[in-house]
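What follows is calculated from the coordinates using simple rules that are stated; it is not laboratory data. Predicted, not measured: the structure shown is a model, and the values here were computed from it. For neighbour counting, all protein chains shown are included, and Cβ atoms are generated from backbone atoms with ideal geometry for every residue, glycine included.
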Amino acid sequence: MADEVPNPQEMINIDHRPPATGWMDTPTVLRKGIYCYAGNPKSLEYVGLPNPRQWHPEDDDWKLPENWVEIVLDGLRDRLDRFRSLKIFMDICVRCGACADKCHYFIGSGDPKNMPVLRAELLRSVYRKDYSLAGKILGKTVGARKLTYQVLKEWWYYFFQCSECRRCSVFCPYGIDTAEITILARELMNLLGLNIDWIATPVANCYRTGNHLGIQPHAYVDMLDFFCDEIEDVTGVRPKPTFNRKGAEILFITPSGDVFADPGTYTAMGYLILFHYLEQMGLDITWSTYASEGGNFGFFTSHEMMKRLNAPRPSAWGSSGSWAANAATCGG
Amino acid sequence: MWRVIHQYMDTMNGPTDFMEDPVNPITGTRFENAKSTKMVHITEFTADLIRHNKLKLDKSRNDNLVVTFHDSCNPSRGMGLLDEPRYVIQNTCNHFYEMPPNTIREQTFCCGSGSGLNAGENLELRFRGGLPRANAVRHVHEKHGVNMLACVCAIDRAALPPLMEYWVPGVDVTGVHELVGNALVLDGEKERKTDLRGEPLPGMEEEE
Amino acid sequence: MKIYDAGKVIAGLIIFFVVFTFPVYYNHGKVEPAPKPSLETEKIQSLYEKNCVEDKATMRSGHMLLLDKWRDTVVRDRLRSYAGFKGTRFEMSLSNTCMDCHSNKEQFCDACHNYAGVTPYCWECHLTPKEMK
Amino acid sequence: MNVWMSLIVSLIAIGAVVVVGAIGGLVPALHPVFGVVIPYAALAVFILGFIWRVLRWAKSPVPFPIATTAGQQKSLPWIKQDKLENPSTRWQVVDRMILEIVLFRSLFRNTRMELYKENGKLTYGWQLWLWAFALAFHYSFLVVVLRHLRFFLDPIPLPVTLLESVDGFLQVGLPSVMISGFVLLGAVGYLLVRRLYVPFMRYISLPSDYFPLFLIASIAATGILMRYVVRVDVVGVRELTLGIATLNPVVPDGINFLFYIHLFLVCVLLAYFPFSKLMHLGGIFMSPTRNLRGNSREFRHVNPWNYPVKTHTYDEYEEEFRDRMIEAGLPVEKQPAESGSATDTESAEDSAE
């Protein structure tokens, strides 16, 4: 994999000048190294996401349901009714360009469709076509276009090139948040089974095992046990964490990445050492194998999936009656 | 996933009245800002402990590190967790340098792999997206000799090491609580010769 | 139709409505007729041909430009004679020429100036006809 | 739609508006239409359209508190909260909104990225031009609008007169020059040149971005022409505008056709407003990332359409992993002997909700 990546000297040679053709007339070509692989159908099936099937982004046919246009437009209408943010963000952008060079993907790629304003415009153009009188009548003149297969592919390519970091929103004079637009665009695409595997499979794992890496309860205990060995080697002291213990005052939840791979594992050791230190001072804390994920990959799928994956946390508290301390993940 | 916890969780799954209000059992501090969601960030918890002098910390054990801090997107722009992790870092190590102002705190740059884009097949995208972050790290790496990038995000801990290796070799990645784990002096511990990674502590390097 | 945050939204819209319809109730729907500058002075009545310096339309919208030009010509070039639109020559003087005919400043000058909210600075230097008497 | 097409389309549109306005001014029979009917219609479209648009937004709820937190949160008492950038009370939100609306706070932060390819360095310089000209544009526009109140109010209120004398303090020739009009034209010019000159701006601009700029520029230009070059009969104009404001329309004779062009342009702007990006005037007040508090862990935000979802319950989880949990010494709710058909039904019920 790594040998396909250009070297830093090639990579830094970024051209931030947009092409001569207008953005609607510049076709999007999916480029290897930029897109992620499609979601595994088994993962989609496990959590009941629509249209599970094998497909590849570079295929011509993405095997969509026949009425996909209708599904997306109905889904868009539904979300416009449920999210004021979406309606307002679709309507009030003045294209002042303040967000353009704030996006790390634009800075690093020079691809103009990675400018937050254009990323949003990919969806906005379709919104205008179907929800504004001017768009219906004047079409392209007011930046409206029909939802076509090509447009959908463009959505998929670029809404999975946004990491929902909200940096653009800080600079936008109206607070338009591209993260919000991306989140909802991904929701729409999920209605057609358009996902990426690095989200779909963690979602399925998380649903089943409580953490996105699919670590089962006994393995989780083993991993922390291994960290205790390591800590004992370094300090001579051995922490004794408890798991799923009812009645503990505090439930601790950390992203599963921290129990799985370096250098997160060292951070997990840090937690174990801290809690061990505090136990003598009266800290009553437990870990959960059921609520064993601090991240939430559901958030990258849909609001509903976010809620489904978040459920173990309050549920685990319910059984322990505690409050929770949490380590953080950012994007996930 | 602190945006979800801070801005969504209580709305989705609340109210959580069956739970106790969060109080730090060691210091007695009530976490008023989390009284409805009842979820406290670990650096809020640890910063509170340090503030009340509850932790015996030997900063010099992190003397081999020159640290900078990467604000993760959602804790900064979806919550505002900015000073808590910095307070913990500054109390656990002696050498801390900030990256340039337009690249940290609420203006922080993404690791390039957030929101589920941390796959293996899109490395080019990740390295491109991570360029602004890496560039700011490179700046403090060259100016202050920074060799450790601290963060409060597990995705960062997975995504930043390859990014650093690609753009700024010589900078490693750590979680804030690894620094705590190294600096914290436990009762009955033996003399530490290495840090948690098994690297010799400053002054403990074997002579060659 | 359910309006969310109805209190704030409707309050905001009322403010919007009140601001943009402000002139209607500020004026109480009253109609102030546009002023008709009076030409009823002895001098004008006695004129055989009731002509001003330029034609009526030009004077109506452009008299201030004419006066400005007169002032500059008199002060800078020391010229005092001006050829009117019918070839008649006039002395370039506000007090002696204009106010000679239009001696009724209040009914002539002020009527329109007040209506349009204009405060010309002529009278900061020149004496008004009343003061001259 | 490339830049040339966008420019041509919007220029044609503006040209059409000007021609129609001119016809309205040159044909006396049309004066009642262009001086009375169209202005009333435009005003009605503006006011009703604006209200309709805002209500359309308000029909959708704000399900989650998604404030952009651009500063330190309120957390431990000894950590200084950034009350302006991460407000936790209503009044702090009001402060934040005032700064946004009155001083364009977010735009003030603007930076410009530059990449130095020779050493691979990126820099971000503070970039205030856009902020400065945006501010100049909006405020000069406001002053121009307020100054025009002298055409709509009788008697003319003192503040309007005062504003006029401040605006016109530069007495260059006669009539005294109103700075706001020229600032407005200059700022529109900057915004237009920026759109055309900066490559990425050119790329993202639509005809609907150029059209309002041309429209406002034409309004300012015709206004300036009337004041300084082609004199119009101000008394007649005021008679007409005051007639509109007092709901007693009159159509005086002899008003220069340029005035009708000016008036028609303004009417087009008013009618265009609610259906365009200009609605950011209303939208800024309702933007959820700015008008919400960042205290969502302290006080619960209620989502009106929150609905139950299918989750993986603890019982289902334990059912799948019970044996391995017991092996690993983890506590379980039910011992293996107990688990059987009864548990299965129970968990199925749980998941059905």
(message) Just want the answer: with Cβ charges of +1 for Lys and Arg and -1 for Asp and Glu, which residue in C:90, A:126, A:201 is farthest toward the dipole's positive end in the protein assembly as shown?
(response) C:90
(message) What number does segment A:2-195 give for Rg over Rh if you use C-alpha atoms and the Kirkwood radius?
(response) 0.96
(request) Report, ordered by chain and residue number, the aspartates and glutamates lying within cross-link reach of residue B:56, taken as a straight Cα distance under 16 Å and ignoring same-chain residues fewer than 8 apart. (result) A:279, B:48, B:178, B:187, B:189, B:191
(request) Calculate how steeply helix D:314-327 sits against the longest principal axis of the alpha-carbon atoms of chain D, using the helix alpha-carbon long axis, and give the answer as 0 to 90 degrees to the nearest 10. (result) 40
(message) To the nearest 20 Debye, how big is the dipole of the protein assembly as shown about its Cα centre, given +1 on the beta carbon of each Lys and Arg and -1 on that of each Asp and Glu?
(response) 5100
(message) As I understand it, the dipole of segment C:36-132 uses +1 on the Cβ of Lys and Arg and -1 on the Cβ of Asp and Glu, about the Cα centre. Which of C:120, C:104, C:62 lies farthest toward its positive end?
(response) C:62
(message) Give me the inter-chain shielding for A:200-211: mean count of other chain Cβ atoms within 10 Å, whole number please.
(response) 2
(request) Calculate the translational D of segment B:72-208 in whole µm² s⁻¹ from Stokes-Einstein, where the hydrodynamic radius comes from the Kirkwood formula applied to all Cα pairs, the temperature is 10 °C and the viscosity 1.306 mPa s. (result) 98
(message) Return the equivalent ellipsoid semi-axes of segment D:147-242 as a descending list in whole Å, where each equals the square root of 5 times an eigenvalue of the C-alpha gyration tensor.
(response) 31, 15, 13
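Sort segment D:1-145 into rounded, prolate or oblate with this rule: let a ≥ b ≥ c be the square roots of the eigenvalues of the Cα gyration tensor; rounded if a/c is under 1.5, and if a/c is not under 1.5, prolate when a/b is larger than b/c, oblate otherwise.
oblate
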(request) Mind checking which of B:69, B:34, B:177 is farthest towards the positive end of chain B's charge dipole, using Cβ charges of +1 (Lys, Arg) and -1 (Asp, Glu) about the Cα centre? (result) B:34
(request) Average the reciprocal distances over every distinct pair of alpha-carbons in chain A, invert the result, and give the Kirkwood radius in Å. (result) 22.1
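Output the peptides D:57-64, C:104-111, D:153-160 sorted from most to least packed, where packing is the average of other Cβ atoms within 10 Å over each peptide's residues.
On the way: D:57-64: 21.1, C:104-111: 17.8, D:153-160: 15.2.
The packing order, highest mean first, is D:57-64, C:104-111, D:153-160.
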(request) In whole Hz, with x marking every Gly and Pro, tabulate ³J(HN,Hα) for segment B:105-118 from phi via Karplus 6.51 cos²θ - 1.76 cosθ + 1.60, θ = phi - 60°. (result) 6, 5, 9, 5, 9, 5, 5, x, 10, x, 6, x, 9, 8
(message) Run lengths n ≥ 4 of DSSP H only: what is the helix-derived mean residue ellipticity at 222 nm for chain B, with -39500 (n - 2.57) per run over all residues, to the nearest 500?
(response) -9500 deg cm²/dmol
(message) Which of rounded, prolate or oblate describes segment A:200-326 when judged by the alpha-carbon gyration tensor and an a/c cut-off of 1.5?
(response) oblate
(message) For segment C:36-132, take the convex hull of the Cα atoms, compute a quarter of its surface area, and give me that in nm², please.
(response) 6.4
(message) Explain nothing, just compute: Karplus ³J(HN,Hα) = 6.51 cos²θ - 1.76 cosθ + 1.60, θ = phi - 60°, for every residue of segment C:76-91 in order, whole Hz, x for Gly and Pro.
(response) 8, 9, 6, 9, 10, 9, 10, 8, x, 6, 9, x, 5, 9, 10, 7
(request) Would you mind computing the Rg to Rh ratio of the protein assembly as shown from its alpha-carbon coordinates, Kirkwood style for Rh? (result) 1.09
(message) For a quick check: with amide H placed at 1.01 Å from N, whose amide H comes under 5 Å from residue A:196's, ignoring anything fewer than 5 positions away on the same chain?
(response) A:39
(request) Could you work out, residue by residue across D:125-133, how many beta carbons of other chains sit within 10 Å of that residue's beta carbon, and then give the average as an integer? (result) 1
(request) Highest first, please rank the peptides C:63-71, D:183-191, A:189-197 by the mean number of other Cβ atoms sitting within 10 Å of their residues. (result) A:189-197, D:183-191, C:63-71
(message) Just to check I understand the Karplus step: with θ = phi - 60° and J = 6.51 cos²θ - 1.76 cosθ + 1.60, what whole-Hz values come out for segment D:302-312, glycine and proline as x?
(response) 9, 9, x, 10, 3, 10, x, 10, 7, 10, 9
(request) Assuming 1.306 mPa s and 10 °C, estimate D for segment A:107-181 with Stokes-Einstein, Rh taken as the Kirkwood radius over Cα pairs, in µm²/s. (result) 121
(message) Give me, ordered by chain and number, the residues 5 or more places off residue B:41 or on other chains with an amide H under 5 Å from its own placed amide H.
(response) A:326
(request) Over the whole of D:288-295, what's the average partner chain Cβ count within 10 Å per residue? Rounded to a whole number, please. (result) 6
(request) Note down the relative contact order for chain C as a percent, whole number, built from C-alpha pairs under 8 angstrom at least six residues apart. (result) 26
(request) Please give the peptides C:54-61, A:304-311 ranked by average Cβ packing (other Cβ atoms within 10 Å per residue), highest first, as a rough proxy for protection. (result) A:304-311, C:54-61
(request) Evaluate the charge dipole of chain B about its Cα centre and quote only its size in Debye, nearest 20, assuming +1 on the Cβ of each Lys and Arg and -1 on the Cβ of each Asp and Glu. (result) 520
(message) Can you give me the long-range amide H partners of residue A:244? Hydrogens built in the peptide plane at 1.01 Å from N, cutoff under 5 Å, separation of 5 or more residues or another chain.
(response) A:287, A:288, A:289
(request) Treat every Asp and Glu Cβ in chain D as -1 and every Lys and Arg Cβ as +1, leave all other atoms uncharged, and give the resulting dipole magnitude about the Cα centre to the nearest 20 debye. (result) 1960
(message) Could you tell me the extents of segment D:3-286's C-alpha atoms along the three principal axes, largest first, rounded to whole Å?
(response) 71, 48, 43
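Throw me the Rg/Rh for segment D:206-291, computed over C-alpha atoms with Kirkwood Rh, two decimals.
Numbers: Rg = 16.4 Å, Rh = 15.0 Å.
Reported Rg/Rh (Cα atoms, Kirkwood Rh): 1.10.
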(request) In whole angstrom, note down how far apart the Cα centers of segment D:176-230 and segment A:102-169 are. (result) 27
